[in-house]
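Colleague: To start, I am sharing the structure in question, which I have written as structure tokens.
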Amino acid sequence: MATINFSIPEDVKERLNQVFVDTNKSAIVTQLMEEAIDRSEHKRRSDLAVKTILTIRKSNASISTKKILRTRDEIRKSSGTVRAGK
């Protein structure tokens, strides 16, 4: 097991000790560090996904709402899913 030394404000240390009186502080700090790592990795993947989507969107031609709705109606008509009265 590795050891890491870092400084925290005294009031945070006191609150930690009060709230987690009979708890292994190393386990708590380990769990918090794992959660921070997971959040950071999730953010990195999310940022990459957004960047990828924006890049793809730039390379695709824009389609008007009218064209999208017309195509949707054509697909519904050809598949027989058009509701009565529509």
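The values are calculated or read from the model by the stated rules, or taken from the named source; none is laboratory data. It should be emphasised that the depicted structure is a prediction, and the values quoted were computed from it without experimental measurement. Note that we place each Cβ from the backbone using ideal geometry, even for glycine, and neighbour counts take in every protein chain shown.
Colleague: Within segment 71-83, restricting attention to residues that are of a type outside the set (Lys, Arg) and in a helix (DSSP H, G or I), which residue is modelled with the lowest pLDDT?
Modeller: Filtering segment 71-83 for residues that are of a type outside the set (Lys, Arg) and in a helix (DSSP H, G or I), the one modelled with the lowest pLDDT comes out as 79.
Colleague: What about residue 63, is it without any contact (Cβ under 8 Å) to a residue 40 or more places away in the chain, in a loop (DSSP other than H, G, I, E, B) and either of a type in the set (Lys, Arg) or exposed (fewer than 10 other Cβ atoms within 10 Å of the Cβ) (or both)?
Modeller: Criteria met by residue 63.
Colleague: Based on what the data block shows, is residue 43 in a helix (DSSP H, G or I) and modelled with pLDDT of 95 or more?
Modeller: yes
Colleague: Identify, from the list 28, 53, 68, the residue that is in contact with a helix residue (DSSP H, G or I) (Cβ under 8 Å, 6 or more places away or on another chain), assigned to a helix (DSSP H, G or I) and surrounded by 10 or more Cβ atoms within 10 Å (Cβ to Cβ).
Modeller: None of the other options fit; the residue is 28.
Colleague: Would you pick out the residues in segment 1-25 that are loosely packed, with under 10 Cβ neighbours inside 10 Å and of a type in the set (Phe, Trp, Tyr)?
Modeller: 6
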